[in-house]
Each structure stands twice: as structure tokens, then as C-alpha cells.
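In what follows, a single structure is set out as C-alpha cells and then discussed.
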Amino acid sequence: MLNCGSSSIKFAVLNLEDKRTVLSGLAERLFEAQPRLKTNPPGLTEELELSGPGHARAVQGILQLLERQGLPGQVTQIGHRVVHGGERFKQATCIDDEVLAQIEACGPLAPLHNPANLLGIRAAMEAFPGLPQVAVFDTAFHQTMPPHAYRYAVPEDWYTRHGVRRYGFHGTSHAYVTQEAARMLEIPVQNTCFVSAHLGNGCSIAAVKGGKSLDTSMGLTPLEGLVMGTRSGDLDPGLHAFLAENLKLSLGEVNDVLNKKSGLLGLSGLSNDMRELERAAADGHEGAQLALEVFCYRLARYAAAMCVPLGRLDALIFTGGIGENSALVRAKTLGYLTWLGFVLDADLNRVMIRGSSGLITQPGSPLALVIHTNEELMIALEAQEVLS
Ligand code: AMP
């Protein structure tokens with residue numbers, strides 16, 4: 001599995017029989033001096049200096065690492081995370097020249113991500129010739145949303161001619177955790193109604209009924225919806241004009257601030273890291289306290305809204321770095337949802353950290369679950385499904 005960003009590549013080799021990670025790692029600072037490649041546990045921690053800048057050299061480095069471990073002969077396919085598949089890709093797809101061209105055509109919808117994803121795919125095609133390569137799209141899972149959930153109330157030709165609509169992201173994670181929740185609760189996926197909250201550096205929430213996404217908080221871009229580490233989430237569309245007029249900011253400058261200097265970081269004036277904010281809030285830092293409150297309030301408001309298309313709720317799922325580790329965020333969020341009947345089990349909530357999964361509510365309460373997400377595994381499984 002390869003997940004290529006503009007200056008880094010995450011990779012993982014997974015055994016699909018026992019679903020274990022054989023080797024995983026990260027190549028980062030691809031365009032700085034002496035880019036490096038590092039493996040994570042559970043494989044042996046190894047480091048490699050790359051022979052130069054760019055994605056192609058990083059993928060060559062990954063191949064070299066696999067060779068050291070005697071793995072290349074065992075790799076049967078490569079799944080690539082691709083951020084935007086527009087309306088064209090409703091599921092994972094085997095990559096050929098036409099698919100490459102269509103991923104490129106979705107570029108204007110994700111200018112920071114799709115070009116990097118393409119660089120990684122092309123590098124992998126060169127480094128692993130003859131191996132099937134599969135694109136797994138962040139947006140594909142949400143292609144089941146109905147028009148009343150994905151259309152914005154803007155002129156129709158913005159949609160028909162320019163693709164202006166809500167797409168949603170984090171699809172692989174929402175798909176994985178809702179399948180896992182169904183398995184945990186022993187309900188067939190097709191009978192389930194879940195609200196799934198993926199809370200990492202980026203945050204989104206989705207309404208998933210019968211394993212299909214009916215609505216989600218992210219939109220045309222991953223900026224809409226919940227408060228995130230450095231992204232604002234929802235705000236007044238009139239803000240851009242206000243800032244241009246009064247602060248003389250350009251559109252590019254506004255966009256930059258909303259993506260990189262807002263969210264938890266902007267509100268707290270301190271950090272985008274939830275761990276640091278929790279510590280500072282406990283020490284009385286007012287900015288950190290406010291950031292936490294806005295984060296949880298917005299999340300609860302969205303969780304309630306996501307129940308609308310479901311008609312029933314089997315469980316509210318927390319996942320991602322914050323969702324899986326922050327007992328405080330989960331407690332505060334459920335605190336805003338007591339009117340729905342949620343009653344937290346404080347002991348269960350406290351121990352649900354570091355990759356564990358399970359229930360955090362008391363008997364009689366609607367269920368809230370923590371589920372450890374595994375996007376790498378999901379990408380590999382989806383790639384395997386396409387090829388079989
Ligand atoms: P991710 O993008 O899924 O890796 O999540 C990153 C986010 O998870 C960051 O905001 C971290 O601060 C947060 N996070 C990781 N561990 C913890 C923890 N133990 N408590 C609170 N937040 C955490």
C-alpha cells in the first residue's frame with residue numbers, strides 16, 4: 001500500500017491472510033536535503049538515505065528495503081491511496097492509462113493531493129513492473145450520497161459544468177470502522193445504521209446505513225465540516241469577501257489561513273495537537289479550553305445532524321488519533337448528546353486508548369464505540385477485491 005503526499009510517502013506491506021502488517025514506514029522531506037526513509041515497528045526499525053529528491057527515488061528506496069527483507073517476490077499487488085476520484089470513481093479501480101488520465105482530470109478538485117498521488121503511482125509502475133496497481137479513492141465511499149445531501153444551493157451549472165458539489169473524504173476509514181463495528185455488534189452490515197466520526201489531523205463525520213454513506217461533513221474539499229487541527233471547518237461563505245474588503249487579503253491568503261492556521265491551532269493560539277491542548281486546558285489555558293469546547297460542540301452538533309438520514313442509530317463510532325485516544329473529547333461530545341440518551345461509562349472510556357476498540361457507554365444507553373481504524377489494511381483489501 002502506498003500513500004503519497006506532496007513531500008512524503010507512507011507505505012505498508014500487509015499479509016492479507018492474517019491481516020497483519022509485515023513492514024511499514026515513511027519516506028519524508030522528499031524535496032529537502034538528504035531525504036530519508038524509515039520503517040516503523042512492528043518490522044525492524046531501519047533507516048535508509050535516499051539517493052536524491054522526489055517520489056521516484058523514494059519508491060526505489062522502498063523497493064530496496066523490501067529486498068533487504070526478502071519481500072519483493074511476495075508482493076502481489078499495490079494499492080494506492082488517491083484522494084479525489086470526482087464522480088467518475090465509485091469504487092477502487094485497476095490502474096491503466098485511461099484511469100491515470102482520469103485521476104489527472106480530477107486534479108483541479110484536489111490540487112495538493114492528486115498530482116502527488118500520480119507521481120507515486122507512476123514511480124511504483126516503474127519500480128514494480130508487471131505488478132497490478134489499484135487506485136483506492138478517499139471520495140469513492142461517499143458516492144452513494146443522494147443529491148439532496150451532496151448538492152450545494154448554488155447555480156446548477158456550477159455543478160453540471162464544474163463539478164461543484166459535496167464529495168466527502170476519509171471514505172476508506174469510514175468504510176473500515178463501520179464494517180468493524182458491524183462485526184463487533186454481530187449485526188449484518190446491510191442492517192446497520194452508524195454515525196462514524198474520524199478525528200485525526202483532518203476530521204470528518206459520516207452517516208452510514210447498510211454499509212453505504214448517506215451524508216458526510218466534508219464537501220468539495222476537505223475544508224468543510226468539523227473543526228480540525230489547522231483547518232477551520234464550516235464558516236460563513238461571506239467571510240472571504242469580508243476579509244478581502246477589510247483586511248485586503250487575497251483569495252490565496254484566505255485559503256492558506258483557513259487550511260493551515262485555523263482550527264484548533266487558530267482558536268487556541270497554541271497548538272494543533274490535541275494532547276498539548278488537553279494538558280494546557282487542564283493548566284487553565286483559556287485558548288486551549290475554548291478550542292476543545294468548540295471542537296466537541298461542533299462534533300456533537302454534526303453527530304446529531306447525521307442521525308437524520310439514518311432514522312435509527314445503532315452506534316456512534318469514534319476513530320482516528322483523537323477519536324481513539326482522547327477520553328476527554330469523547331466524554332465532552334457525549335455530554336452534549338445526553339438528550340439522545342447517551343450515558344458514558346467513565347471507566348471504559350478511560351481505558352479505550354492506544355489502538356484498543358470497544359464500547360464506552362453504560363447499559364441502556366445508545367451505543368458509542370471506539371474503533372481502531374486501519375486505512376492501510378482497507379486499501380490493501382479493496383485492491384485485492386478489485387483484482388479478484
Ligand atoms: P491522526 O491524524 O489520526 O494521526 O491523528 C492525529 C491527532 O491525534 C493529533 O491531533 C494528536 O494530537 C491526536 N492524538 C494522538 N494521540 C493522542 C492522545 N493520546 N490524546 C489526545 N489526542 C491524541
| said: Skipping prolines and chain starts, which residues have an amide H placed within reach, meaning under 5 Å, of the one on residue 79, given they are 5 or more residues away or on another chain? | reply: 2, 134
| request: Pull out the extension gain between residue 6 and residue 190, defined as 0.36 nm times the separation in residues minus the alpha carbon to alpha carbon distance; nm, one decimal. | output: 62.5 nm
| field | Farthest positive-ward along the chain dipole, Cα basis, beta-carbon charges - from 233, 349, 124 | value | 349
| Mean Cα-pair separation over length for segment 130-216, i.e. relative contact order, pairs under 8 Å, 6 or more apart, % | 31
| note | What helix-only [θ] at 222 nm does the chain give? Using -39500 (n - 2.57) per DSSP H run of at least 4, over all residues, to the nearest 500, the answer is -11500 deg cm²/dmol
| field | Kirkwood Rh in Å, taken over all unlike Cα pairs in the chain | value | 21.9
| message | Tell me the relative contact order for segment 192-330 as a rounded percent, counting alpha carbon contacts under 8 Å between residues six or more apart. | response | 32
| request: Specify the inter-centroid distance of segment 254-288 and segment 94-137, based on alpha-carbon positions, in whole Å. | output: 35
| query | When a footprinting reagent is the concern and you count Cβ atoms within 10 Å, what order do 221, 76 take, fewest first? | reply | 76, 221
| note | Most exposed to least, judged by fewest other Cβ atoms within 10 Å, 319, 361, 21 sort to 21, 361, 319
| How big is the antiparallel share of DSSP beta bridges in the chain, given as a percent to the nearest 5? | 70
| Rounded to whole Hz, the Karplus (6.51, -1.76, 1.60) HN-Hα couplings of segment 111-127, x for glycine and proline | x, 8, 10, 4, x, 5, 4, 5, 4, x, 4, 5, 5, 5, 5, 6, 6
| Expressed in nm to one decimal, what extension gain is obtained for the pair residue 125 and residue 98 from 0.36 nm per residue of sequence separation less their Cα-Cα distance? | 8.3 nm
| field | Spatially close lysines, pair count over the chain: Cα under 20 Å, gap of eight or more or interchain | value | 6
| field | Virtual paramagnetic centre 7 Å along Cα→Cβ of residue 276, amide N under 20 Å, in segment 317-341 | value | 321-329
| task | Please report, in debye to the nearest 20, how large the charge dipole of segment 112-191 is about its Cα centre when each Lys and Arg carries +1 at its beta carbon and each Asp and Glu carries -1 there. | result | 180
| remark: The answer for residue 201, listing residues at least 5 apart or on another chain whose modeled amide H is closer than 5 Å to its amide H, is 321
| message | Let me spell out the model: positive unit charges on the Cβ of Lys and Arg, negative unit charges on the Cβ of Asp and Glu, origin at the Cα centre of segment 229-280. What dipole size does that give, in debye rounded to 20? | response | 140
| field | Ranked by how many other beta carbons lie within 10 Å on average, peptides 347-358, 85-96 from highest | value | 85-96, 347-358
| Of the peptides 32-39, 326-333, how do they stack up when ordered by the mean number of other Cβ atoms within 10 Å, highest first? | 326-333, 32-39
| message | If amide hydrogens are placed 1.01 Å from N in the peptide plane, which non-local residues have theirs closer than 5 Å to the one on residue 24? | response | 13, 40, 43
| Student exercise, the chain dipole from Lys, Arg, Asp, Glu Cβ charges, in Debye to nearest 20 | 360
| note | Sparse-neighbourhood loop hits (chymotrypsin sites (Phe, Trp or Tyr not before Pro), segment 132-220; DSSP loop; Cβ within 10 Å at most 15 others) -> 152
| Applying the Karplus parametrisation 6.51 cos²θ - 1.76 cosθ + 1.60 with θ = phi - 60° to the phi angles of segment 340-348, what ³J(HN,Hα) value in whole Hz is obtained for each residue in order, glycine and proline being reported as x? | 7, x, 5, 10, 6, 9, 4, 5, 4
| task | Filter the trypsin sites (Lys or Arg not before Pro) in segment 147-186 down to the DSSP loop ones having no more than 16 other Cβ atoms within 10 Å, then list what survives. | result | 151
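With the contact rule set at Cα under 8 Å and sequence spacing of 6 or more, what percent relative contact order holds for the chain?
The value is 14 percent.
Computed from the coordinates by the stated procedures, all read-outs in this text should not be read as laboratory data. Just so it is clear, the model here is predicted, and its values are computed rather than measured. So basically every Cβ, Gly included, is an ideal-geometry build from the backbone, and we count neighbours across all protein chains shown.
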